[in-house]
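Colleague: Sharing a structure, written as structure tokens. Questions coming.
Since every read-out is calculated from the coordinates, none of them should be taken as a lab result. Not measured: the values here are computed from a predicted model. Positions of Cβ are generated from backbone atoms using ideal geometry, with glycine treated the same way; all protein chains shown enter the neighbour counts.
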Amino acid sequence: MTSLSRGENAAHPDRIDTSRPHPARMYDYFLGGKDNYEVDQRAAEQFMKAAPEVREGVLANRHFMHRAVRHVVAEGGIRQILDVGTGLPTEPNVHQIARSLAPETRVAYVDNDPIVATHSRALADDPDTAVVLADLRDPRAILDHPGVRAVIDFDRPVALLLVAVVHFVADAEDPAGIVETLREALPAGSYLVLSHATGDVHEDRREGAAAVYNKATASLNLRSHAAVLDLFGDFSMVEPGLVRVTDWRPEQARRPDAPPIGIYGGVARKGA
């Protein structure tokens, strides 16, 4: 997950900006991947000094995504998934998790980084999967994109994934309005799966951690529990509600010395 750029690269998504750190490539580095550049590595190392638990955090976030996808497919009956801000693919990815339960599930991946798109297409090259270059800050373009429309039928329930991406949208860019536009396009029975970084857990470090992204292609905007909960609008939260990602239906107990993770995660369903 986690890919959003600003500036020139956002205006021209076919261009790869290697002059500044990119959130998706930093995330890849945190996960131990190799699809990153020296500029990303330096920024990631700097971030880890400010937030030493970040590697455990991104792993916890991915595991939350895995559990949430299994929930919406197995218990929610979802067969269409729109994953916005997908980030560099790490196996198992969304389509692999979903299709292990329902092989007919159709998935549209959306990201504004051409590196992400290239890797995603290599991993998911089939007619039931779309990989689209588009920017979360233009939600209408995502909803109207022919690549998305080729696999997603908005007359049937959809699971919208916004996993660790909205925190890269600045307040001035109206994250609530962006998410509302996407929510409103979904029919009844759809789900929103969302995770978001917060400063609630490590308030003493929030400024230092966020500052690392000031030179990146997208800023990091830590938000409170109340602000993240507002992003779900009038959707009904699935138990246990909006909690730290480690606490959303965990499948195993955390080790006693595990650091607290400053990422909220939740799943909500749109009613009739």
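Colleague: Tell me, what is a quarter of the convex hull surface for the C-alpha atoms of segment 33-105, in nm² with one decimal?
Modeller: Averaged projected hull area, Cα only: 5.6 nm².
Colleague: Would you please name the GluC sites (Glu not before Pro) within segment 24-115 that are DSSP coil residues with at most 16 other C-beta atoms within 10 Å of their C-beta?
Modeller: Values: sites: Glu38, Glu45, Glu53, Glu56, Glu75, Glu104; in loops: Glu53, Glu75, Glu104.
Within segment 24-115, the qualifying GluC sites (Glu not before Pro) (loop, at most 16 other Cβ atoms within 10 Å) are Glu75, Glu104.
Colleague: So for segment 78-191, averaging the separation of alpha carbon pairs under 8 Å that are six or more residues apart and normalising by length, what relative contact order in percent results?
Modeller: Rounded, it is 31 percent for segment 78-191.
Colleague: Multiply the residue separation of Thr181 and Met237 by 0.36 nm, subtract the distance between their alpha-carbon atoms, and state the gained length in nm to one decimal. Walk me through the numbers before you get to the answer.
Modeller: Values: separation 56, 0.36 × 56 = 20.16 nm, distance 1.85 nm.
Contour length minus the Cα-Cα distance gives 18.3 nm.
Colleague: How about segment 15-68: which trypsin sites (Lys or Arg not before Pro) there lie in a loop by DSSP and see at most 10 other Cβ atoms within 10 Å?
Modeller: Lys34
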